[in-house]
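These notes concern the structure reproduced below.
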Amino acid sequence: MNTHLQADSIDRNYPKDPAAEAPNENAWPAEIKVSGNRLVDTNGDEVWLQGVAIPGLEIVPKGHGAVNSVIVAIELWNANVVRLAIKDEFWYGRGKGQTDGGLAYRAIIDSAVNAAANRGAYIVLDHHRYRAVKSEQIPFWQELATLYRNHPAVLFDIINEPHEISWSVWRDGGFVPNDNKAIDEAGFLDEETKQSNRGFESPGMQKLVEAIRETGARNIIIAGGLQWAYDLSGVLNGYALVDPSGNGIMYSTHVYNWKRGWQKAFLDAASKYPIFVGEVGADIKKMNFIPSEDQEDPYTWVPDMLGIIQQHRLNWTGWSFHTWATPVMLSDWQYNPTLFWGDMAKRALAGEQFENQSLR
């Protein structure tokens, strides 16, 4: 989601990250793979991923206490998976204030991986970028995949929210125009600069999958659909990704309380593929980019959404395990849940069952 990309200029009393833990492989969870529309471990037993999405490390390089949040989510909220938002710019040390080439940033991510794995949980590394895959993201993912190659706890969410491209470009690549129609008015620019200003050539999702597999990493890959990772209809209509050498593809949908057409958007796909509801939630605070009347009351929407997740055993991580990256699950940095979203999500993670009354 894009609503959390706001100024981070005031002291919000973020939690402090604990000292880094050494890896404890004896405590790590079992390796998982895709089997039909489910995830299974090495014994063939189903693994149902349920947890929270943690922002911060895609906003500022030091993050917002993400490692501490990983531990709390697993130990106190019963999550068996966390989705960690990260950014390639910070990974390479190109963010504001970074002077170490990204060394400290990469160490935080590694600490988060160990914190999750040492507690027997899984961690999704979410490259929090938008629109379409870019060529420069291929070497980034190859580096990340090499580092966490076949780590049983680590899954790869390769691009956060694709949007405003065709299914053909999504899968196979192609030209992605920039939104600004007036950027080419400067006639004195050279042709290469003009072309760069017009847009970029995307290699597509399939090339990125293949690039990751070339490293020898078989970790599950998560691919978000179109419409800001909501619509998965294309994977049932000729645009599914191919993964002959890895542990499989899980398709991701992001569902908020203004999204309609659940059946076509992701439930149809759930009958054939494992689905990851990588972002889901609702807030009493209205989003200013969505008509107010389209945003359903969380107190009616959240129970129905959790009911659908449980009915279909969809893998999910609630957005967001944070106090201001809306929709928020936390009312404060003591990790107390918001009543309109976090409380119900926490109860679901503890095993409480919710009933869906109607599809949207």
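The values are calculated or read from the model by the stated rules, or taken from the named source; none is laboratory data. In this text the structure is predicted, and so the values were computed from the model without any measurement. A quick note on method: Cβ atoms are made from the backbone with ideal geometry, for glycine too, and the neighbour counts reach across all protein chains shown. When the accessible area is computed, the model is the full protein with side chains, heavy atoms only, and any ligands, DNA or RNA have been set aside. Shrake-Rupley method; radii C 1.70, N 1.55, O 1.52, S 1.80 Å.
Every residue in the range 113-147 that is under 18 Å from the mean Cα position of the chain (by Cα) and farther than 22 Å from K33 by Cα, please. Of everything in the range 113-147, those that are under 18 Å from the mean Cα position of the chain (by Cα) and farther than 22 Å from K33 by Cα turn out to be H128, R129, Y130, R131, A132, V133, K134, Q137, I138, F140. Of all the listed residues (R94, R149), the sole one being surrounded by fewer than 20 Cβ atoms within 10 Å (Cβ to Cβ) and free of Cβ contacts under 8 Å to residues at least 24 places away in the same chain is R94.
Can you tell me which residue in the range 21-59 is least open to solvent (accessible area, probe 1.4 Å), limited to those that are among the small types (G, A, S) and assigned to a loop (DSSP other than H, G, I, E, B)? So the residue we want is G56.
Given the residues Q353, Q311, Q334, which is the only one that is open to solvent by 20 Å² or more (accessible area, probe 1.4 Å), assigned to a helix (DSSP H, G or I) and polar (S, T, N, Q)?
Residue meeting the stated conditions: Q311.
Filter the range 195-227 for residues that are among the hydrophobic types (A, V, I, L, M, F, W, C) and under 28 Å from H151 (Cα atoms) and give the result. M205, L208, V209, A211, I212, A217, I220, I221, I222, A223, listed by residue number. A count restricted to the range 25-82 and to residues that are out of contact with any Gly (no Cβ under 8 Å at 6 or more places or on another chain) and of a type in the set (K, R) stands at 2.
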